[in-house]
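I have placed the structure first, in the form of structure tokens, so that the comments after it can refer back to it.
Where a number appears in this text, it was derived from the coordinates with a stated rule and is not lab data. Please read these numbers as outputs of a predicted model, since none were measured by experiment. Here the Cβ positions follow ideal geometry from the backbone for every residue, glycine too, while neighbour counts run over all protein chains shown.
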Amino acid sequence: MHQYRMTALETEIRRIMHNNARESRGYRYTVPSPELYPFQWLWDSCFHAITLRHFDLSAAKDEIHAALAMPLPDGLLPHIIFWKDDHRIVNWGRERRGDIINNAWGTEHTSSLTQPPVIAEAVRILLDEHFDRSFAEAVYPKLAAYYRALITERDLEGRGLLGILNPDESGEDNSPRFDHILRLPAAHTNDEHLDRRIALIEQHAACAFEERCMQPFFWVEDVPFNAIALVGLRALAGIAEKLKQTADACEFNTYADTIGTAMRTYMLRGHCFYSIDRTEGTDTLIPTKTWALFAPLYAGIATDEEAQMLVIHYLENEQEFGTPFPIPSTACSEATFNRDGFWRGPTWIAPNWFIHQGLVRYGFHTHARTLAERTRALLAQSGFREQYDPISGNGLGAHHFTWGGLVLDMD
Ligand code: GLC
């Protein structure tokens, strides 16, 4: 029975990945959703590669090649690539967004922002499946350039924490973690939110895309971004070692250690890690409880006791994240919790994938299995949607959305 269900699920995942596959200028990539997200996104492509490796390793590698194809002038990888110069075909909520993105996101074919740096870990996962030396050699210099650019451009005073300069860089565009910096009350419209993010994009353009110029306007040392960077740097160091780049391996491992230490030094309060607002020279912990609380487990920087506390007080707690269809993106106890607000309550499958890995890492195998089961239950009930109501399990947002493919990695 289980075997049969898994096979049917796999067939559906293959179908979505196939239907969402695109080709342009000699590159192959996958769009997260044909109607709402018809471009290439950076962290989505990492999820795609991780999913595709289960049945088409060559497509998985192509996805990575495409994601690395158009670095920004300072070496960062863009969060969106508009392969077909078709920016204007999408209206994310309102008409003017297409134009603004076209005019203000700076570079000709891409966005000027980045997204959580999952890519080196995605490559490590592919290489663990099968060590393809020529693939490793082809992607390694580009990966190294990206992580080095993150360190140069985003670690303000070398204290070991990377900053993001727009909520979109967290991958959680409307997360309540950023409300106070955007000067938004708990209740606001999506248009009001979008206005604030567009203003930041315009400011970034006015800064001639000089990264640190954004600090007076928006600068957050975000927990998941740094946890993901740490894992990415360790993966990159491992790839460097395999390619006999010993000095590089040492450099990336050292910086991964630095992030881990800095996260514990600056982000830890009690047994939880919180993102830090550094906007306008501030240095304030952001207390909002979101799925980010669990990201340190993915990076392995929490102690066993902290992990235990997280599981008891937050994961299992029905007042917090223990909903029928976990993990809600924002805790139920938050004033900003909204069952169908974008990143303000609904369950998203990529965070579940990160959390699942964290639970396995700390030996919470039963909890990990339950999370995988509940995630598969979402797909069975509501199909491959962008997000899900964490209480009813109803699907929300984009259709034919690819992130559900990550369940192949969760058991
Ligand atoms: C939304 C999500 C972001 C994702 C993108 C494409 O903007 O917030 O995380 O990368 O859609 O799926």
Original post:
Nearest 20 debye, what's the magnitude of the dipole of the chain about its Cα centre given +1 on Lys and Arg Cβ and -1 on Asp and Glu Cβ?
Top reply: 580
**OP:** Hey, for a label at Glu210 modelled as a point 7 Å past Cα toward Cβ, could you say which residues of the stretch 148-174 have their backbone N under 15 Å away?
**Re:** 153-154
Subject >> Shape category assigned to the chain from the gyration tensor of Cα positions, a/c cut at 1.5 >> reply: rounded
**OP:** Provide the FRET efficiency to the nearest 0.05 for the Glu12-Arg361 pair, computing r from the beta carbons and using R0 = 22 Å.
**Re:** 0.20
Original post:
Which one of Gly393, Pro346, Pro328 is farthest out on the positive end of the charge dipole of the stretch 256-399, using unit charges on Cβ (Lys, Arg +1; Asp, Glu -1) and the Cα centre as origin?
Top reply: Gly393
Subject >> Partnerless cysteines, meaning none of the other Cys C-beta atoms lie under 4.7 Å away, in the chain >> reply: Cys46, Cys250, Cys272, Cys332
Original post:
Can you list the lysines whose alpha carbon is less than 27 Å from that of Lys244, not counting same-chain residues fewer than 8 positions off?
Top reply: Lys61, Lys142
Original post:
Hey, what number do you get for the chain at 222 nm if only DSSP H runs of n ≥ 4 count, each worth -39500 (n - 2.57), divided across all residues, to the nearest 500?
Top reply: -14000 deg cm²/dmol
**OP:** Would you mind computing Rg(Cα) / (2.2 N^0.38 Å) for the stretch 296-411, counting N as its residues?
**Re:** 1.00
